[in-house]
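Report on one structure; see the data block that follows.
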Amino acid sequence: MIKAILIFNNHGKPRLIRFYQYFAEDLQQQIIRETFHLVSKRDDNVCNFLEGGSLIGGSDYKLIYRHYATLYFVFCVDSSESELGILDLIQVFVETLDKCFENVCELDLIFHMDKVHYILQEVVMGGMVLETNMNEIVAQVEVQTRMEKSEVKLSRPSG
């Protein structure tokens, strides 16, 4: 099961945080700092998974991550998840973001947080993987965007 999804930039600034297991706010902040420290100090030529930090469960948990340009995408999972499956899921998530934002960048995550969260909810909900087909995810995002646009038109006063 996926316990947390963390996206932060090269300086450790969180850009998307989603915990699927309850942690107190101060502990979440410690987890974010520890995770960034563990992931950012690794060389680019080493494997993309490592044992979870002491705060998030130790040896029963794994941090699986990808580093794209200025962003780290980190999934914290328990031992029941496949490392390669999660790496593939990260790739699908990033490619979906790329399609929806036409070359996603850090600013897209900042200024379109609602859309990013919606995309993530199409992929993972409650720590369980829902969808891995990028075309299905993009189609659902497009439906949601059309609905939002039609609601905006309906809520405008005529005159």
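The values are calculated or read from the model by the stated rules, or taken from the named source; none is laboratory data. None of these values were measured; they are calculated from a predicted model. Methodologically, a virtual Cβ is constructed for each residue, glycine included, from the backbone with ideal geometry; neighbour enumeration extends over all protein chains shown. The area values use the complete protein model at the heavy-atom level, side chains included, leaving out ligands, DNA and RNA. Shrake-Rupley method; radii C 1.70, N 1.55, O 1.52, S 1.80 Å.
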Probe 1.4 Å - accessible area at TYR65, Å² to nearest ten: 10
In nm, spacing of pseudo-spin labels at LYS41 and PHE23 (7 Å Cα→C-beta vector): 1.7
Build a GNM of the chain with springs between Cα atoms under 10 Å: which of ILE86, ILE17, ILE137 gets the top mean-square fluctuation? ILE17
Net charge (Lys, Arg +1; Asp, Glu -1) of residues whose beta-carbon lies under 14 Å from that of SER82, SER82 excluded, is -3
Among VAL46, VAL138, VAL129: highest mean-square fluctuation, GNM of the chain, C-alpha pairs under 10 Å: VAL46
How do THR145, THR35 rank by accessible surface area computed with a 1.4 Å probe, from largest to smallest? THR145, THR35
Prolate/oblate/rounded call for segment 10-72, Cα gyration tensor, a/c under 1.5 rounded: oblate
Accessible-area composition of the chain, carbon plus sulfur, in percent [1.4 Å probe]: 51
Around PHE36, what is the net charge, scoring Lys/Arg as +1 and Asp/Glu as -1 over all other residues with Cβ under 12 Å from its Cβ? +4
Using protein chains only and a probe of 1.4 angstrom, how many square angstrom of HIS37 are accessible, to the nearest 10? 110
Normalised by the residues of the chain, what does the relative contact order come to in percent, with Cα pairs under 8 Å and at least six apart? 21
Could you work out [θ]222 nm for the chain from helices alone, using -39500 (n - 2.57) per DSSP H run of at least four and dividing by all its residues? Round to the nearest 500 deg cm²/dmol. -15000 deg cm²/dmol
For the chain, report the accessible area per residue in Å² (1.4 Å probe, heavy atoms, rounded to an integer). 56
Name the residues whose placed amide hydrogens come within less than 5 Å of the amide hydrogen of ALA4, ignoring near sequence neighbours (fewer than 5 apart) on the same chain. TYR20, CYS76
In segment 73-159, what is the volume of the convex hull around the alpha carbon atoms, normalised per residue and reported in Å³? 112
Using only the alpha carbon atoms of segment 23-115, find the Kirkwood hydrodynamic radius as the inverse mean reciprocal pair distance, in angstroms to one decimal. 14.3
Kindly give Rg over Rh for the chain, based on alpha-carbon atoms, with the Kirkwood expression for the hydrodynamic radius. 1.01
By the DSSP-based rule, helices of the chain that are at least 18 Å long along the axis (C-alpha) and have a mean Kyte score of at least -1.0 are 25-40, 83-101, 134-155
